[in-house]
Amino acid sequence: MTKGLKRLDQYRWELSTSFKEGMRVPGIIYADDILMKGIMEDESLIQVANGAFLPGVVKASLAMPDIHYGYGLPIGGVVATDTDASGVISPGGVGFDIN
């Protein structure tokens, strides 16, 4: 098991702020055991942690069940930010292929 990753319930996992120094919020991954096994095979958990570094990030860096390695944030990653707290809009979070 990855350091800082703990199971919350049948379909949710928490990536604690101890996973990577500087994370502002935890990561929450929505996945069952089969999906989590695949998730552990690439760098997408590191990208969930990267989302937790964003200025103004609110509550958690989220990863939906289709999470896989992307650019910046993982594909299937979701991060909300508060613009009143210096939040940002990350083009890596919305994808470069969306017009």
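The values are calculated or read from the model by the stated rules, or taken from the named source; none is laboratory data. The structure presented is a predicted model; accordingly, all values stated were derived computationally and were not measured. Here the Cβ positions follow ideal geometry from the backbone for every residue, glycine too, while neighbour counts run over all protein chains shown.
Scanning segment 43-76 for residues that are out of contact with any Asp or Glu (no Cβ under 6 Å at 6 or more places or on another chain), small (Gly, Ala, Ser) and over 19 Å from ARG12 (Cβ atoms) gives GLY70, GLY72. Taking the criterion of being farther than 26 Å from VAL88 by Cα and not basic (Lys, Arg), the residues of segment 11-41 that qualify are TYR11, ALA31, ASP32, ASP33, ILE34, LEU35, MET36, GLY38, ILE39, MET40, GLU41.
Within segment 67-84, restricting attention to residues that are at pLDDT 85 or above and over 12 Å from the mean Cα position of the chain (by Cα), the residue that is farthest from ILE39 (Cα to Cα) is ASP84.
Please tell me if ALA49 is touching a helix residue (DSSP H, G or I) at 6+ places or on another chain (Cβ under 6 Å), modelled with pLDDT of 90 or more and aliphatic (A, V, I, L, M).
When the stated conditions are applied, ALA49 does not pass them.
Does VAL58 satisfy the criteria of being at pLDDT 90 or above, aliphatic (A, V, I, L, M) and more than 14 Å from GLY4 (Cβ to Cβ)?
Answer is yes for this residue.
Counting only strands (runs of 3 or more DSSP E) wholly contained in segment 2-95, the ones carrying 2 or more residues that are touching a strand residue (DSSP E or B) at 6+ places or on another chain (Cβ under 6 Å), in contact (Cβ under 8 Å) with a residue 12 or more places away in the chain and at negative phi occupy 12-15, 27-30, 57-71, 73-81. Checked against (1) surrounded by 15 or more Cβ atoms within 10 Å (Cβ to Cβ); (2) more than 20 Å from LYS3 (Cβ to Cβ), ILE34 passes all but condition (1).
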